[in-house]
1. Determine which single condition residue 278 fails, assuming it passes every other condition in (1) out of contact with any helix residue (DSSP H, G or I) (no Cβ under 8 Å at 6 or more places or on another chain); (2) in contact (Cβ under 8 Å) with a residue 40 or more places away in the chain; (3) within 15 Å of residue 344 (Cα to Cα); (4) not acidic (Asp, Glu).
2. Provide a single number: the residues in the range 164-197 that are closer than 23 Å to residue 126 by Cβ and basic (Lys, Arg).
3. Looking only at residues in the range 22-40 that are in contact with a Leu (Cβ under 7 Å, 6 or more places away or on another chain) and either farther than 21 Å from residue 125 by Cα or open to solvent by 50 Å² or more (accessible area, probe 1.4 Å) (or both), which one is modelled with the highest pLDDT?
4. Residues 180, 231: which one is small (Gly, Ala, Ser), closer than 24 Å to residue 154 by Cα and surrounded by fewer than 20 Cβ atoms within 10 Å (Cβ to Cβ)?
5. Residue 206: surrounded by fewer than 20 Cβ atoms within 10 Å (Cβ to Cβ) and of a type outside the set (Gly, Ala, Ser), yes or no?
6. Do any strands (runs of 3 or more DSSP E) lying entirely in the range 247-348 carry at least 1 residues that are open to solvent by 60 Å² or more (accessible area, probe 1.4 Å), and which ones are they?
7. Suppose we filter the range 268-318 for residues that are within 27 Å of residue 60 (Cα to Cα) and of a type in the set (Lys, Arg); how many remain?
8. What's the number of the condition residue 242 fails, among (1) surrounded by 14 or more Cβ atoms within 10 Å (Cβ to Cβ); (2) free of Cβ contacts under 8 Å to residues at least 24 places away in the same chain?
Amino acid sequence: MSLKVGIVGLPNVGKSTLFNALLKRQQALVANYPFATIEPNVGIVEVPDERLNVLSEISSSKKQVPATVEFVDIAGLVAGAASGAGLGNKFLTHVREVDVILQVLRDFDDSEIVKEGSVDPKTDYEVIETELILKDLETVTKTLESKETKAKGAEKKRGVVEKLFAGLNEGKSAREILVSDEERELARDLFLLTSKKEIKVYNVGEGDERLRQPMGENLYICAKIESELSSLAEDDARIYMEELGIKQSGLDLLIKMAYRELGLISFLTTGEMESRAWTITKGSKAPRAAGVIHTDFEKKFIKAKVCDYEKFVSAGGWKDASEKGWVRFEGKEYEMKDGDVVEFMIGS
């Protein structure tokens, strides 16, 4: 299971600079003019997880395989995108393909960087949200007029579509309109842009005190600092962060928030061949987790051998953890926990 994050925002707010910093290489074109990004830049980033280093040492693993996040740097949006302005329709198609929208908002002063449509973070957010709502309204209007929605037996679906039509026309997002699991399920095949989880990232100046605040509802990141950190060796980057009073890198914060917003956790496997992190949805039962490793494992699941990460490390591996009574054998109804170290028993 790979998480896909779309980086969006008005032109010249620092999307591509942040994207390059996340990937620690200059993959995206950074330029001081509108629409420097036309086709989306895509990059796979490993999820930082110190637990893998520890497990790898305990098991003498030949390699480590961290979970990954796919970041997509999407072309800058402008007012009128929903009706084709700028790269409108192309941009909005790319947004449809991601799991979570990371909206970058310009919150720094630099007279040398062109402000292409950017006014202030609040106004910029409203511009982008309006365009996403208008695109969803177009989708919902077409659905409302379709034969499938008018067909006998589709009353519930039609009711949800009509509710969306009314709410979107009032300037509400699908997140605000769809309040029950049943409504969200009925609207799932519409792939609405404003139904996606979103994270607001304020791209601030280097001296902004908000960089030193704990993670809250929104993120404050300086793309310029992140770019500088990406060019340093790991130890040097850590020293630089300490000098700045920053406890975690922008990448760490972004991934943590994306996992939180989407309700994702990681379980761990370890052995001589590899130590690995696997991403699952919080609340997943053991068979579903086994299916992430291999689809056949879910159907052939028998039981799971499980140990809490901290206890596994304290015991120094499976053998001593078992002797201390810290290893459990769980069945099909076991709900996986973040940091579970697991071996799955699979039938033939």
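The values are calculated or read from the model by the stated rules, or taken from the named source; none is laboratory data. Just so we're clear, the structure is a prediction, and the values are computed from it rather than from any experiment. Cβ placement follows ideal geometry from the backbone for every residue including glycine, while neighbour counts extend to all protein chains displayed. Please note that ligands, DNA and RNA were not included when accessible areas were found on the heavy atoms of the full protein model with its side chains. Shrake-Rupley method; radii C 1.70, N 1.55, O 1.52, S 1.80 Å.
1. Exception for residue 278: condition (1).
2. 4
3. 22
4. Going through 180, 231 in turn, the sole match is 180.
5. Yes; evaluated as a whole, the condition is true for this residue.
6. Output list reads 274-281, 301-308, 328-330, 340-346.
7. Counting residues in the range 268-318 that are within 27 Å of residue 60 (Cα to Cα) and of a type in the set (Lys, Arg) gives 4.
8. (1)
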